[in-house]
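Shown next, in structure tokens, is the structure this report addresses.
The values are calculated or read from the model by the stated rules, or taken from the named source; none is laboratory data. None of these values were measured; they are calculated from a predicted model. Cβ coordinates were reconstructed from backbone atoms using ideal geometry, including for glycine residues, and neighbour counts include every protein chain displayed.
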Amino acid sequence: MRIQSAELPLFFSPLGELELINALQLRLFRKEMLSVQVRRAQAAFRADVANGVLAIIPLPEDILRAVGTFGVSVDREVRYPLA
């Protein structure tokens, strides 16, 4: 199913970006995609971010605080591989 129309930009959280990276790497591992296809998909994602089609928005502070209650350290300045 393809999106026929949507208001731009589409918003992605850093977690959504990480999920995309994981999904592409899983398909590569399962030999469902070639490495060149994964690189092209990553490049297309980066281009969509650069062109304003997608916007990476930070996670809200309350979510980051909730994660911290589990003893997990959260770096708010993390640069993800596709960013």
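Considering only residues in the stretch 1-50 that are within 23 Å of Glu61 (Cα to Cα) and among the acidic types (Asp, Glu), the one that is modelled with the highest pLDDT turns out to be Glu19. Scanning the stretch 1-48 for residues that are over 12 Å from the mean Cα position of the chain (by Cα), in a loop (DSSP other than H, G, I, E, B) and either surrounded by 13 or more Cβ atoms within 10 Å (Cβ to Cβ) or of a type in the set (Lys, Arg) (or both) yields Arg2, Pro9, Arg30, Lys31, Met33.
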